[in-house]
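Structure record follows, encoded as structure tokens.
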Amino acid sequence: MKAFMTRRKSFFVAATAALALSLSACGGTTPGTTSDPTVADKPTFAAGTTMAKLSAAGTIKIGTKYDQPLFGQVGLDGKPVGFDVEMGKLIAAKLGIAADKIEWSETVSANREPFIEQGRVDLVIATYTINDKRKQVVDFAGPYYEAGQALMVLKDNDTIKKPEDVKGKKVCSVTGSTPAATIVEKYQAELSPAGTYSACLEPLRNKQVEAITTDNVILAGFVDKEPEVFKLASDETFTKEPYGIGLKKGDTEFRNWINDQLEAFGKDGSYKKAWEATAGSVIKTAPELPAIVRY
């Protein structure tokens, strides 16, 4: 834990400045975003496919989180920034759709499947863990990143270091999320549910709960913003959370096409560039694109 905090302090000033600038940006290239990707010029797709329909329409609806530092967060200009947002821009560009033609919608953990089923979004890219239960309702491309569940506590809390330590204690997590189910079913915590992870911050700050649990990369963003208040209970994670891109169930052609694009992003440097401009401002070790799971 000491090594983790030492590393974080070394780039806290720069990272905080970057995050602040991204929140107040009014245009141009700002920390938290890359320059908009090159848009494919008149790409062609098989008639009747989702790719052809979206390309012809010149727009795409993408759901993402609005309160997740590093992955999906809305600034004062109303535009989302983060790693998930950049992945959406890259996919849209391959369809011939410019970044300013993307219609963004806030998707929280509880409404991701309904939004896809109802057609309110074409894709969900929102720290969305692939699991078998969700695959009964929606399809997933990816994974494009693998996170792990962790715990965040107050800076002066030295009693919680591992998930077993939260047995019988109040822990905040988001309704309908994988971390919420895990912390209750496997570690017997008392769940204090919230609609978003940012809504867990005040209960923790006020000691109404003893910890927040979700994926380590999400918590790292909160710690980075307030390192004098919060800390990760441990460097260790206790689950594997493969993030996928959610889309309508049964759209195999679209899913396969997205998987092809993800693999290409891993090879041409787009994936690394998107990471370094967003989550990489805090999490310095750039990830490798996980092996795509095709089904």
Selected residue [out of contact with any helix residue (DSSP H, G or I) (no Cβ under 9 Å at 6 or more places or on another chain) and surrounded by 16 or more Cβ atoms within 10 Å (Cβ to Cβ)] from Ile97, Ile116: Ile116
Taking the condition of being part of a helix (DSSP H, G or I), more than 13 Å from the chain's Cα centre (by Cα) and modelled with pLDDT of 95 or more, how many residues in region 62-110 meet it? 9
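Answer yes or no as to whether Thr127 is in a loop (DSSP other than H, G, I, E, B), closer than 30 Å to Val293 by Cα and hydroxyl-bearing (Ser, Thr, Tyr).
Working: in a loop (DSSP other than H, G, I, E, B): yes; closer than 30 Å to Val293 by Cα: yes; hydroxyl-bearing (Ser, Thr, Tyr): yes.
The answer is yes for Thr127.
Take the residues in region 182-239 that are assigned to a loop (DSSP other than H, G, I, E, B) and among the charged types (D, E, K, R); name whichever of them is surrounded by the most Cβ atoms within 10 Å (Cβ to Cβ). If you could, list the steps in order and put the result at the bottom.
If we filter region 182-239 for residues that are assigned to a loop (DSSP other than H, G, I, E, B), which is where we start, we get 186-189, 195-197, 206-210, 226-229, 233-239.
Filter once more, so that each one left must be among the charged types (D, E, K, R): 186, 207, 210, 226, 228, 235-236.
Details: Lys186: 13, Lys207: 10, Glu210: 22, Glu226: 13, Glu228: 7, Asp235: 12, Glu236: 14.
Across region 182-239, the extreme among qualifying residues is Glu210.
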Restricting to region 62-110, name every residue that is basic (Lys, Arg) and under 17 Å from Leu219 (Cα atoms). Lys65
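In this structure, does Ala150 turn out to be at pLDDT 95 or above, part of a loop (DSSP other than H, G, I, E, B) and either in contact with a strand residue (DSSP E or B) (Cβ under 6 Å, 6 or more places away or on another chain) or among the hydrophobic types (A, V, I, L, M, F, W, C) (or both)? Give the derivation first.
On the way: at pLDDT 95 or above: yes; part of a loop (DSSP other than H, G, I, E, B): no; either in contact with a strand residue (DSSP E or B) (Cβ under 6 Å, 6 or more places away or on another chain) or among the hydrophobic types (A, V, I, L, M, F, W, C) (or both): yes.
It is false that Ala150 is at pLDDT 95 or above, part of a loop (DSSP other than H, G, I, E, B) and either in contact with a strand residue (DSSP E or B) (Cβ under 6 Å, 6 or more places away or on another chain) or among the hydrophobic types (A, V, I, L, M, F, W, C) (or both).
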Restricting to region 116-146, count the residues that are without any contact (Cβ under 8 Å) to a residue 60 or more places away in the chain and under 26 Å from Trp275 (Cα atoms). 1
Out of region 153-175, which residues are surrounded by fewer than 20 Cβ atoms within 10 Å (Cβ to Cβ) and in contact with a strand residue (DSSP E or B) (Cβ under 7 Å, 6 or more places away or on another chain)? Leu154, Lys155, Ile160, Gly168, Lys169, Lys170, Thr175
For region 267-290, give me the residue count where each residue is of a type outside the set (Ser, Thr, Tyr), assigned to a helix (DSSP H, G or I), surrounded by 18 or more Cβ atoms within 10 Å (Cβ to Cβ) and in contact (Cβ under 8 Å) with a residue 12 or more places away in the chain. 5
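The values are calculated or read from the model by the stated rules, or taken from the named source; none is laboratory data. In this text the structure is predicted, and so the values were computed from the model without any measurement. Neighbour counts are summed over all protein chains in view; Cβ atoms, including those assigned to glycine, are modelled from backbone coordinates with ideal geometry.
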